[in-house]
Protein chains: 2
Amino acid sequence: MPMSISRPVRVALDAMGGDYAPAHEVEGAVLAIRDAGPLLDLTLVGDEPKLRQEMGRVGAPDTLKVVQASQVITMEDPPTAALKLKRDSSLAVGMRYHQEGRVDAFVSAGNTGAVLSASTLILGRVKGVSRPTIGTFIPAERGVCLLVDAGTNVDCRAQQLYEFGVMGSIYFQKVMGTPRPTVALLNVGEERYKGTDVVLEAYKLLESGPVNFIGNVEGRDILKAKADVVVCDGFVGNIVLKFGESVPSFLRSLLRSAADKSTVDKLSLGLARGAMRRALRVLDPNEHGGVPVLGVNGVSIIGHGSSTAVGIKNMILRAMEVANSGLNSHIASALSTPVHVPAS
Amino acid sequence: MPMSISRPVRVALDAMGGDYAPAHEVEGAVLAIRDAGPLLDLTLVGDEPKLRQEMGRVGAPDTLKVVQASQVITMEDPPTAALKLKRDSSLAVGMRYHQEGRVDAFVSAGNTGAVLSASTLILGRVKGVSRPTIGTFIPAERGVCLLVDAGTNVDCRAQQLYEFGVMGSIYFQKVMGTPRPTVALLNVGEERYKGTDVVLEAYKLLESGPVNFIGNVEGRDILKAKADVVVCDGFVGNIVLKFGESVPSFLRSLLRSAADKSTVDKLSLGLARGAMRRALRVLDPNEHGGVPVLGVNGVSIIGHGSSTAVGIKNMILRAMEVANSGLNSHIASALSTPVHVPAS
């Protein structure tokens, strides 16, 4: 009796995108192949001679393929212009490769704005989606919370916030495996009459939509993971995300000042340094395997520019999960009918 | 030759407002009198029998006065309605007492929304101010940063953001004693073309106004105190503030999990506990002496509901500084002429 063998997932990796490209990308690719085995069919996109050299250095397996792209979009390039000017960049070539159906997913740790633009312009939007978005995983007291939008769309209408909630919920259910993820609006109070006009309207849409909406949560509830999916516009999301990212360095500076003031404190803090580092490991974005561009016709995963090899590996494994999840057909189905808000 | 003696500053304290009223209020009052000596003329406002009893318990000096008020506005009361329904509340009585010119400042650790409403309705606005606001001090790597608006006005026009910047700057200069405080807009990027339409317009107003405007800062710059005064609408301010307040409890939970996983880590973290507590002391809002309501015709200082006696003392001392600073005449003067934005 023949065993049922699932078709390998075909993933393309922008090998030139991150701050440490192509070294971390090639190492991460090798780690991913080691983890996923024959279930992964991986292609690097970038400067072939450079990539071959790096692959030799780390002893990459023969199954790792390469697609040539002569240009690189840097972190400083203006997103949309760069796509037009650098048509042979690893990002543009890789995204077109995905759009042509030659791979099932595309992964990049490059310029976030450019990856978002390329995803939207080259892959197009899922039917029913007004604006694609990027969420971010925030580590919380229990598990993680998906904050969406994390900085993509700064001026949002209520309908967009509603769509963010629906897409985030489907992602959390189909990819993270939470059966009935809770969805909340980020607001200045729990009461339904609180907030801006846009947020008040989004509240009504979300409570009538196909999500497990639990109402408003406040800034203090994010790290408590009071909801699985926290919805906000990209202006608020970007500021919360960057504020949060600055906390570890702020803490280090507080501990340094304390140590400077007292030798005893310096000693005890020095002894606890390893334990603190282990405790704070959950704050490392490399643990979370990148974030998806939600609402585009394809699977596009974006990672932190400073991703380590492990971070790249986790992004590739995440891309496989998303490709297998049928995310986009679920999104299209959920957004195919406009939400009906009962007259109050 | 007679010595020049400054007139004592007359401060009224809402003795029933905080979560631990009147105990912390009366103890804080005694601490303030001990610190300020004859420079302070302090009056408690509240339930006189209760206050006399508490004053006896802690041995309050005879110079501490009491004004009777029979009602209390609680944290659960809806702000504006409570003012109308509880006309004999310590908050309403004390604020009217200030409005009548019988004291130079009023201090409360009560319901923030109600204190703001009372300040605006009873004291009125400074000429040129569209909407009074509350800022909050955020401890940063060096010193503190004033985030304004901290949650008062959720929907803001550009003119309001501009006024927040001007008022915050004057406060930082006249009360905190920084000669040329830096003012920045909280935004999703440093470039001047970034942000929402309202923020783009506020940028133009601030760069043409009487402040030391340094442009945009991002969420990650707040804890670095990249600017003395960081301007945002109350929606963003409230969320950043509450997110920040939740960080210490989040850290404790991370350290607890680490300690649960390893006995060695548990031991070293246990030894470092005191040092960590000392390092994190700057995060205690009691250290910062409350925040002012900016833009009202008077001096109204709001403190955290959970203020300790030391927190109450610091609020009273802060009120004295504000009363001596001539804050409001500087604000009226700065906002007396509309800002001129050069045509671009």
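The values are calculated or read from the model by the stated rules, or taken from the named source; none is laboratory data. Bear in mind that the values here come from a model prediction, so they are computed numbers and not experimental data. With ideal geometry, Cβ positions are generated from the backbone for all residues, glycine too; neighbour counts draw on all protein chains shown.
Please go through region A:132-165 and give me each residue that is under 17 Å from A:Gly298 (Cβ atoms), away from chain B (no Cβ under 14 Å) and modelled with pLDDT under 95, ordered by number.
A:Gly135
With the checklist (1) crowded, with 18+ Cβ neighbours inside 10 Å; (2) part of a loop (DSSP other than H, G, I, E, B) in hand, flag the one item A:Lys224 doesn't pass.
Tallying (1) crowded, with 18+ Cβ neighbours inside 10 Å; (2) part of a loop (DSSP other than H, G, I, E, B), A:Lys224 fails exactly one: (1).
Output the number of the condition that A:Tyr171 fails; it satisfies all remaining conditions of (1) more than 13 Å from chain B (Cβ to nearest Cβ); (2) under 30 Å from A:Met315 (Cβ atoms); (3) over 21 Å from the mean Cα position of the chain (by Cα).
(3)
Determine if region B:310-320 includes at least one residue that is more than 23 Å from B:Cys145 (Cβ to Cβ), among the β-branched types (Val, Ile, Thr) and in contact (Cβ under 8 Å) with a residue 12 or more places away in the chain.
Yes; the residues of region B:310-320 include at least one that is more than 23 Å from B:Cys145 (Cβ to Cβ), among the β-branched types (Val, Ile, Thr) and in contact (Cβ under 8 Å) with a residue 12 or more places away in the chain.
Scan region B:182-189 and tell me whether some residue there is within 11 Å of chain A (Cβ to nearest Cβ), over 24 Å from the mean Cα position of the chain (by Cα) and touching a residue at least 24 places away in the same chain (Cβ under 8 Å).
Yes, some residue in region B:182-189 is within 11 Å of chain A (Cβ to nearest Cβ), over 24 Å from the mean Cα position of the chain (by Cα) and touching a residue at least 24 places away in the same chain (Cβ under 8 Å).
What single numbered condition from (1) more than 14 Å from chain A (Cβ to nearest Cβ); (2) surrounded by fewer than 23 Cβ atoms within 10 Å (Cβ to Cβ); (3) at pLDDT 85 or above fails to hold for B:Asn286?
Looking at each condition in turn, B:Asn286 falls short on (3).
Which residue out of A:Gly101, A:Gly165, A:Gly113 is more than 18 Å from A:Glu321 (Cβ to Cβ), in a helix (DSSP H, G or I) and not assigned by TED's automatic domain parsing to the domain that holds A:Asn212?
Criteria check complete, one pass: A:Gly113.
Filter region B:189-204 down to the residues that are within 17 Å of A:Val236 (Cβ to Cβ) and touching a strand residue (DSSP E or B) at 6+ places or on another chain (Cβ under 8 Å), then identify the one that is surrounded by the most Cβ atoms within 10 Å (Cβ to Cβ).
Within region B:189-204, the match that is surrounded by the most Cβ atoms within 10 Å (Cβ to Cβ) is B:Ala202.
Tally time: how many residues in region B:32-46 are assigned to a helix (DSSP H, G or I) and surrounded by 21 or more Cβ atoms within 10 Å (Cβ to Cβ)?
1
For region B:273-280, check the following and say yes or no: at least one residue is of a type in the set (A, V, I, L, M, F, W, C) and within 28 Å of B:Val229 (Cβ to Cβ).
yes
When A:Glu207 is evaluated against the numbered criteria (1) assigned to a helix (DSSP H, G or I); (2) more than 12 Å from chain B (Cβ to nearest Cβ); (3) buried (at least 20 other Cβ atoms within 10 Å of the Cβ), which criterion, by number, is the only one it fails?
Unmet for A:Glu207, out of (1) assigned to a helix (DSSP H, G or I); (2) more than 12 Å from chain B (Cβ to nearest Cβ); (3) buried (at least 20 other Cβ atoms within 10 Å of the Cβ): (3).
Could we say that A:Ala319 is of a type in the set (A, V, I, L, M, F, W, C) and assigned by TED's automatic domain parsing to the domain that holds A:Asp104 here?
Yes; evaluated as a whole, the condition is true for this residue.
Exactly one of these conditions fails for A:Thr337: (1) away from chain B (no Cβ under 14 Å); (2) more than 25 Å from A:Ile170 (Cβ to Cβ); (3) surrounded by fewer than 14 Cβ atoms within 10 Å (Cβ to Cβ). Give me its number.
Single failed check for A:Thr337: (2).
Which residue out of A:Ala69, A:Ala29, A:Ala15, A:Ala36 is under 22 Å from A:Val322 (Cβ atoms) and in contact with a Gly (Cβ under 7 Å, 6 or more places away or on another chain)?
A:Ala15
Any residue in region B:81-92 that is within 17 Å of B:Ala319 (Cβ to Cβ) and either over 15 Å from the mean Cα position of the chain (by Cα) or surrounded by 24 or more Cβ atoms within 10 Å (Cβ to Cβ) (or both)?
Yes, region B:81-92 contains a residue that is within 17 Å of B:Ala319 (Cβ to Cβ) and either over 15 Å from the mean Cα position of the chain (by Cα) or surrounded by 24 or more Cβ atoms within 10 Å (Cβ to Cβ) (or both).
Residues in region A:258-275: is at least one within 9 Å of chain B (Cβ to nearest Cβ), under 29 Å from B:Cys232 (Cβ atoms) and either in contact with a Pro (Cβ under 9 Å, 6 or more places away or on another chain) or at pLDDT below 85 (or both)?
Looking for residues that are within 9 Å of chain B (Cβ to nearest Cβ), under 29 Å from B:Cys232 (Cβ atoms) and either in contact with a Pro (Cβ under 9 Å, 6 or more places away or on another chain) or at pLDDT below 85 (or both), one finds none in region A:258-275, hence no.
Against the condition at pLDDT 95 or above, of a type in the set (Asp, Glu) and within 20 Å of A:Glu245 (Cα to Cα), how does B:Glu218 come out, does it pass?
Judged against the criteria, B:Glu218 is a match.
Any residue in region A:212-241 that's away from chain B (no Cβ under 11 Å): show its pairings with residues that are of a type outside the set (A, V, I, L, M) and in a helix (DSSP H, G or I) at Cβ separation under 6 Å, as long as the two are six or more apart or on different chains.
What qualifies is A:Phe213/A:Glu207; A:Asp228/A:Phe172; A:Val229/A:Gly168; A:Val229/A:Ser169; A:Val229/A:Phe172; A:Val231/A:Phe164; A:Val231/A:Gly165.
Listed here are the residues, each with its yes/no results for (1) in contact with a strand residue (DSSP E or B) (Cβ under 6 Å, 6 or more places away or on another chain); (2) over 26 Å from B:Val72 (Cβ atoms); (3) in a strand (DSSP E or B).
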site	(1), (2), (3)
B:Leu121	no, no, no
B:Val129	no, yes, no
B:Ile134	yes, no, yes
B:Arg142	no, yes, no
B:Gly151	no, no, no
B:Ser169	yes, yes, no
B:Met176	no, yes, no
B:Arg180	yes, yes, no
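Tally time: how many residues in region B:182-204 are β-branched (Val, Ile, Thr) and in a helix (DSSP H, G or I)?
Selection size over region B:182-204: 2.
Can you name the number of the only condition in (1) within 11 Å of chain B (Cβ to nearest Cβ); (2) surrounded by fewer than 23 Cβ atoms within 10 Å (Cβ to Cβ); (3) out of contact with any Leu (no Cβ under 8 Å at 6 or more places or on another chain) that A:Pro248 fails?
Result: A:Pro248 fails condition (3) only.
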